[in-house]
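Single-structure report; data block below.
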């Protein structure tokens, strides 16, 4: 019912969106007499803002068509290397013959599209052969494809590692640090011949009991049944995933905004004034950020509920009792894969120590093959995006990977 009301809400906003677009044209087009009205700039700015507040935000493009390798401009082609019902393994092929380290970047399945890691991939491309997990929007996956649990996520990671071969390096950002550690642990315990050379884990809830944040607090305050009853919805008939149970993207978006509503209100107010003042650069930066931030996907209900219970309520991984398909997840089985954990000092999503906890669990990785990096004055998103990522963190990650390639 809530999902249907959301669709109705968007339908009711459509006339306002059309009106805003019309006003924007009337008060901005140079051939329109209204564009010379003394208040034209304010009307145009208000119409632009109204368009953005009433539109639907689709999945953005990666837009990574070029990179620079040792001073040479090189074309990049985005190709689907492997397709699964709930995920496509993307390969960013560079038009250059190089034997760079092969890197699997495991993107989070936590509300936003994998394009959130655009800056992550961009910084890696000059010196790495990059693959990325591009998770599907659950409302677009037909119910006939079956369910998707946390165990399935682990299976996908294992399959991708096998597909890419024994020389692969794995980078996991935020939520996937947990299933990635499980996948590599199970592969090591099974004595598989294919195993990643390195694991780079960034800002993830390996042990969510450490330095709990507001995100952790919600998961522990509410009983498990609340998440199922309050957040899980059925996909409406207009989508391919009709009747699939999901945690809708629009509810996740409300949660994101609700963490700091005044900051977002101020950002939109500033955007309005940037348009009036003709500050095109600041306005463009606002659009880039919110085009990504407002584009959200639906999560499979089974995966989301499994994650709430296993990671944030029962803490099964750090307590040594998590089983995937009946097999115990034992990170101590890992001995050959090098480990680098990265945390942001100001991270308000995965608190300090939550990712570092992987070192205690991976007790049989020699100390000389393990590193932890606490990045000063950096929040959650700054770990994998922005200036600090490009100038400080990415070079450190690249150096670590090269050491064990």
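Only the coordinates and a few stated rules stand behind these numbers; no lab work does. As the structure is a prediction and not an experimental result, all values here were calculated from the model. We place every Cβ from the backbone using ideal geometry, glycine too, and count neighbours over all the protein chains shown.
For this structure, a couple of remarks:
- Number of the exception - residue 122 against (1) assigned to a helix (DSSP H, G or I); (2) in contact with a strand residue (DSSP E or B) (Cβ under 8 Å, 6 or more places away or on another chain); (3) under 26 Å from residue 207 (Cβ atoms): (3)
- The residues on offer are 203, 249, and the sole one that is buried (at least 20 other Cβ atoms within 10 Å of the Cβ) and on the phi > 0 side of the Ramachandran plot is 203.
- Taking the criterion of being assigned to a strand (DSSP E or B) and surrounded by fewer than 16 Cβ atoms within 10 Å (Cβ to Cβ), the residues of the range 310-328 that qualify are 323, 327, 328.
- Residue within the range 33-54 that is over 30 Å from residue 266 (Cβ atoms), surrounded by 14 or more Cβ atoms within 10 Å (Cβ to Cβ) and in contact (Cβ under 8 Å) with a residue 60 or more places away in the chain present: no
- For the range 97-120, the set of residues classified as free of Cβ contacts under 8 Å to residues at least 60 places away in the same chain and surrounded by 21 or more Cβ atoms within 10 Å (Cβ to Cβ) consists of 114 only.
- Scope the range 179-194; condition under 19 Å from residue 364 (Cβ atoms) and buried (at least 21 other Cβ atoms within 10 Å of the Cβ); matching residues: 180, 181, 182, 183, 184, 185, 186, 187, 188
- Scanning the range 206-227 for residues that are surrounded by fewer than 22 Cβ atoms within 10 Å (Cβ to Cβ), in contact (Cβ under 8 Å) with a residue 40 or more places away in the chain and closer than 18 Å to residue 307 by Cβ yields 209, 210, 212, 213, 214, 215, 216, 219, 220, 224, 227.
- Residue within the range 359-371 that is buried (at least 20 other Cβ atoms within 10 Å of the Cβ), within 24 Å of the chain's Cα centre (by Cα) and either touching a residue at least 60 places away in the same chain (Cβ under 8 Å) or in a strand (DSSP E or B) (or both) present: no
- Selection count, the range 85-96, where residues are more than 15 Å from residue 164 (Cα to Cα) and crowded, with 17+ Cβ neighbours inside 10 Å: 3
- Pick from the range 376-405, criterion in contact with a helix residue (DSSP H, G or I) (Cβ under 6 Å, 6 or more places away or on another chain) and crowded, with 16+ Cβ neighbours inside 10 Å, ranking: nearest to residue 339 (Cα to Cα): 394
- For the criterion of being surrounded by fewer than 19 Cβ atoms within 10 Å (Cβ to Cβ), closer than 28 Å to residue 58 by Cβ and within 24 Å of the chain's Cα centre (by Cα), residue 287 passes.
- Checking each residue in the range 293-309 for being over 15 Å from residue 109 (Cα atoms) and in a helix (DSSP H, G or I) picks out only 309.
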